[in-house]
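Chemist: Handing you this structure, nothing more for now.
Coordinate-derived values only; no laboratory data. This one's a predicted model, so the numbers in the text were calculated from it and none came from an experiment. Note: ideal-geometry Cβ built from the backbone for every residue, glycine included; neighbour counts use all protein chains shown.
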Amino acid sequence: VNGNKYESLAEALAATGDGDTVTLVADVTADVVLDKNITFDLGGHTLTNTNAGSATLTVSAGAVVTVKNGSILGGSSYYAIRNNGTATFMDIAATAGNVGSSMLDNWGTLTIESGTYTGGMNTVKNEPNATLVITGGTFTLEKHTGSSFTGVVFNYGALSVTGGTFIQADTTGWYPTVILTGSEAGKAAPSTSITG
């Protein structure tokens, strides 16, 4: 952070102010919460879930974050990534650690520009009243268990897709879909726009 090296990621994040960039210098096993307006540069390294029942990476409500350049591995339960704030993802290789929940769960505003996103019950889930913009990247749903609708992208909110590659490889699920839009009672009507 600002040229200073810290012995732990927790110490580095604590020392970070708005506008700073935190860069990993080694692989880390941790469940990270980003609650400041920062850039989180994985530095080509891997962030691995602790299997404590939390997301590997969580963006807090109110935070504005860019996450880029590395790998994020999910745990044996829960999402690999959960966004509650405003986030942009670039050049991330994110992989689910289980098929009982979505790999990435978005409750805020999320823009995905590039990277690879793999696995989960749904690879990316966009919740009611959330906004998801996909301009690039490769998204692959491999296999899930149980009887439920699945999508490479499962949208309950506002979804805009202008680029990317979407692969539905699950042949065992119940109505496996590439992009699935569903509505939830009492919530704003969803919208899906696919162009290009």
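Chemist: Any chance you could run the full-extension gain for residue 148 through residue 76? It's 0.36 nm times the residue separation minus the Cα-Cα distance, nm to one decimal.
Modeler: Working: separation 72, 0.36 × 72 = 25.92 nm, distance 1.95 nm.
Extra length from residue 148 to residue 76 when fully extended: 24.0 nm.
Chemist: Hand me the trypsin sites (Lys or Arg not before Pro) from region 79-180 located in a DSSP loop with no more than 15 other Cβ atoms within 10 Å, in residue order please. Show your work: numbers first, answer last.
Modeler: Values: sites: 82, 125, 143; in loops: 143.
In loop regions of region 79-180 (DSSP not H, G, I, E or B), the sparsely surrounded trypsin sites (Lys or Arg not before Pro) are 143.
Chemist: Using alpha-carbon pairs under 8 Å, 6+ residues apart, how would you state the relative contact order of the chain in percent? Mind dumping the intermediate values first?
Modeler: Values: 658 pairs, mean separation 23.7, N = 196.
Result for the chain is 12 percent.
Chemist: Separation of region 160-196 and region 19-96 by C-alpha centroid, Å?
Modeler: Region 160-196 and region 19-96 have Cα centres spaced 24 Å from each other.
Chemist: Quick one: which residues, 5 or more positions from residue 120 or on another chain, have an amide H under 5 Å from its amide H? H modelled 1.01 Å from N in the peptide plane, none for Pro or chain starts.
Modeler: Counting only residues 5 or more places away or on other chains, the set is 96, 98, 142, 143.
Chemist: Can you spot the aspartates and glutamates whose alpha carbon is less than 18 Å from residue 36's alpha carbon? Ignore those fewer than 8 places along the same chain.
Modeler: The reachable aspartates and glutamates, counting only those whose Cα sits under 18 Å from residue 36, are 11, 18, 20.
Chemist: Something else now. May I ask for the longest run of the chain untouched by chymotrypsin sites (Phe, Trp or Tyr not before Pro) that are loop-located per DSSP and have at most 15 neighbouring C-beta atoms (other than their own) within 10 Å?
Modeler: 7-148
Chemist: Another one. Can you tell me the dipole magnitude for the chain around its Cα centre, using point charges on the Cβ only (Lys, Arg +1; Asp, Glu -1), in Debye to the nearest 20? Each step should come with its number before you reach the end.
Modeler: Details: 7 positive and 15 negative charges, 75 e Å.
With only Lys, Arg, Asp and Glu charged at Cβ, the dipole is about 360 debye.
Chemist: Indicate the gyration tensor shape class of the chain (rounded, prolate or oblate), computed on the Cα atoms with a ≥ b ≥ c the square roots of the eigenvalues: a/c under 1.5 is rounded; otherwise a/b larger than b/c is prolate and the rest oblate. Could the numbers behind the result be given before it?
Modeler: Details: a/c = 1.92, a/b = 1.58, b/c = 1.22.
Because a/c hits 1.5 or more and a/b exceeds b/c, the chain counts as prolate.
Chemist: Here's another thing I want to ask about it. Using amide H atoms built in the peptide plane, which far-off residues or other-chain residues are under 5 Å from residue 166 H to H?
Modeler: So residue 166 has HN proximity to 139.
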